[in-house]
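The values are calculated or read from the model by the stated rules, or taken from the named source; none is laboratory data. It should be emphasised that the depicted structure is a prediction, and the values quoted were computed from it without experimental measurement. Neighbour counts run over all protein chains shown; Cβ positions are idealised from the backbone, glycine included.
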Amino acid sequence: MITFQTEGIDMPSIDQQRVAAWIRAVAASYGKRVGEIAYIFCSDERILEVNRQYLQHDYYTDIITFDYCRGNRLDGDLVISLDTVRSNARQLGTDYDTELHRVIVHGVLHLCGINDKGPGERELMEAAENRALALRAQIPAQP
């Protein structure tokens, strides 16, 4: 089950059913199945609190992925700062919707085992994000 929640901000205007279908398709492309995935959308200040409390990092970020996966079942909490998504979109010269969906799938790709911190890993993650975004275009809008 994929859930969408907010903490102290308005829910972004996304087609939640379509996003859930997309995430299941991405997971399946890696031989995984979706268990319990919770998206928690928040502000910069909230993600900074989470980063400090759970990771001992003192900086803002667009997403924090808490991985509770077991075997081929994807389980996790994905905390996303909509403030950082918005500022990253401006900085990268892309639209907010595209950047938001890139971050949404970024967390799932982490759950699938793709990393982005080591040598050459960032390029692998970006390629995986691009493939996933292309797959999103094939998922029909939900009624």
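Residue-by-condition table, conditions (1) under 13 Å from the mean Cα position of the chain (by Cα); (2) surrounded by 12 or more Cβ atoms within 10 Å (Cβ to Cβ); (3) not charged (D, E, K, R):
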{"residue": "78", "(1), (2), (3)": "yes, yes, yes"}
{"residue": "81", "(1), (2), (3)": "yes, yes, yes"}
{"residue": "86", "(1), (2), (3)": "no, yes, no"}
{"residue": "103", "(1), (2), (3)": "yes, yes, yes"}
{"residue": "108", "(1), (2), (3)": "yes, yes, yes"}
{"residue": "113", "(1), (2), (3)": "no, no, yes"}
{"residue": "116", "(1), (2), (3)": "no, yes, no"}
{"residue": "127", "(1), (2), (3)": "no, no, yes"}
{"residue": "133", "(1), (2), (3)": "yes, yes, yes"}
Only one residue in 74, 124, 133 is closer than 20 Å to residue 14 by Cα and either part of a helix (DSSP H, G or I) or modelled with pLDDT of 95 or more (or both). Which one? 133
Out of all the residues in segment 47-81, which are out of contact with any Gly (no Cβ under 6 Å at 6 or more places or on another chain) and aromatic (Phe, Trp, Tyr)? 54, 59, 60
Of the residues that make up segment 43-66, is at least one crowded, with 16+ Cβ neighbours inside 10 Å, farther than 19 Å from residue 115 by Cβ and in contact with a Leu (Cβ under 9 Å, 6 or more places away or on another chain)? yes
Within segment 90-121, residues over 23 Å from residue 69 (Cα atoms) and part of a loop (DSSP other than H, G, I, E, B) come out as 93, 94, 95, 119, 120
Number of positions in segment 46-96 that are acidic (Asp, Glu), closer than 28 Å to residue 35 by Cβ and in contact (Cβ under 8 Å) with a residue 12 or more places away in the chain: 4
Kindly evaluate residue 17 against the criterion of being surrounded by fewer than 16 Cβ atoms within 10 Å (Cβ to Cβ), over 20 Å from residue 109 (Cβ atoms) and in contact (Cβ under 8 Å) with a residue 60 or more places away in the chain. yes
Only one of these is within 23 Å of residue 130 (Cβ to Cβ) and either modelled with pLDDT under 95 or in a helix (DSSP H, G or I) (or both): 52, 18, 46. Name it. 18
Identity of the residue in segment 1-14, β-branched (Val, Ile, Thr) and in contact (Cβ under 8 Å) with a residue 40 or more places away in the chain, that ends up surrounded by the most Cβ atoms within 10 Å (Cβ to Cβ): 14
For residue 33, state whether it is in contact with a Pro (Cβ under 8 Å, 6 or more places away or on another chain) and surrounded by fewer than 17 Cβ atoms within 10 Å (Cβ to Cβ). no
